[in-house]
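Data block below; observations after.
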Amino acid sequence: ADSGRVIFDGSGSHIDVNSSAFPNSVTFNDIQINSGGFSNVIQTGDVLVSTGTVDLVTGGIQGGTIEARGNVTVAPTFTQGQSSTGGILAITGLATRTITIPAGVVMPGITLDASAATINTSGTGTIQFKEKLELREGTFSQGNANLLIQALPFVQSGGIFNAGSGTFTLNSGGLTVT
């Protein structure tokens, strides 16, 4: 996991971490999701950990979790694939970083649990989340983009949420602030 990049491309992949070998997680340096209009299915409960960069280009993730301990890049072409549900992108770790999510993308759920991480939006238009948006630590700044959370709720148990000029719509979830 010291160097190199794992690329999930093509028509989507099914990823099942052998829990007897790695307690439901496996660590890579860089992870790239670039699977066209297809989702990469990570077995529910499994975690792919990136200590380098998670690069979301096209396609999506469904089921499990990608844990980003380093940088995250989101291309304006990322659409969460054909998945009607999403997996979770968990942003963790001590690295200081700023992650920019461009308007027009469809994201998996996000859990922001890193005190030195900031998520900003860019542009105008809508950013759609297929699953929950959870803020535990760190800063999420909405900017001018509209936020649409499709399924599960927006949960804030810590961190800072800076509302912007865009709308914030909860389609079928709820709002929990503790």
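A few notes on this one:
- Label point of S141 set 7 angstrom out along Cα-Cβ; within region 152-170, amide nitrogens under 15 Å from it belong to 160-166.
- 19 Å reach of a label modelled at S11, 7 Å along Cα-to-Cβ, counting backbone N of region 56-77: 58-62
- Two-site FRET efficiency, A163 against T44, from Cβ-Cβ distance with R₀ of 41 Å, rounded to 0.05: 0.80
- Extension gain (nm, one decimal) between A75 and V26, 0.36 nm per residue minus Cα-Cα: 15.2 nm
- Along principal axes, Cα extents of the chain, largest first, whole Å: 45, 32, 25
- Ratio of Rg to Rh over region 2-102 (Cα coordinates, Kirkwood Rh, two decimals): 0.94
- Under the Debye formula (equal points on every Cα, no solvent term), log10 I(q)/I(0) of region 18-58 at q = 0.19, 0.35 Å⁻¹: -0.64, -1.11
- The residues of the chain present an accessible area of 42 Å² per residue when probed at 1.4 Å with all protein chains retained.
The values are calculated or read from the model by the stated rules, or taken from the named source; none is laboratory data. These figures come from a predicted structure and were not determined experimentally. Cβ: placed from backbone, ideal geometry, glycine included. Neighbour counts: every protein chain shown. Please note that ligands, DNA and RNA were not included when accessible areas were found on the heavy atoms of the full protein model with its side chains. Shrake-Rupley method; radii C 1.70, N 1.55, O 1.52, S 1.80 Å.
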